[in-house]
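Here the structure is laid out as structure tokens; the discussion comes afterwards.
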Amino acid sequence: MSTSFTVRLDDDAERKLAALMSDGSSRNSAIRYALDVSYRHLVNEQMREESAILLQDPEDLAEVNAAREAMGAGDAW
């Protein structure tokens, strides 16, 4: 499925879009690329936040340590 939309860009956004198109990419490709990068950034940030929470979770840390001990992870070094 393909969706079209209209967006108003200010001068700063136009400059950024032009930079994304400087390699010869079309407007559509540049915008799709920007959406992809932005989405990956969002997902990575969510994972960082979840990781920070898990680092404070005593039950999760106990499970990780038990798994490491069971695998002999300390013996690897």
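I'd like to verify a number: residues in segment 19-52 that are closer than 20 Å to S4 by Cα and of a type outside the set (K, R), how many?
Final tally of qualifying residues: 15.
Okay, residues lined up against (1) more than 11 Å from the chain's Cα centre (by Cα); (2) open to solvent by less than 90 Å² (accessible area, probe 1.4 Å); (3) farther than 30 Å from L9 by Cα:
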| position | (1), (2), (3) |
| --- | --- |
| S22 | yes, no, no |
| S25 | yes, yes, no |
| A30 | yes, yes, no |
| A34 | yes, yes, no |
| S38 | no, yes, no |
| H41 | no, no, no |
| E49 | yes, no, yes |
| L55 | yes, no, yes |
| E63 | yes, no, yes |
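The values are calculated or read from the model by the stated rules, or taken from the named source; none is laboratory data. Worth saying up front: this structure is predicted, and the values here are computed from it rather than measured. Ligands, DNA and RNA are excluded from the accessible area calculation, which covers all protein heavy atoms including side chains. Shrake-Rupley method; radii C 1.70, N 1.55, O 1.52, S 1.80 Å.
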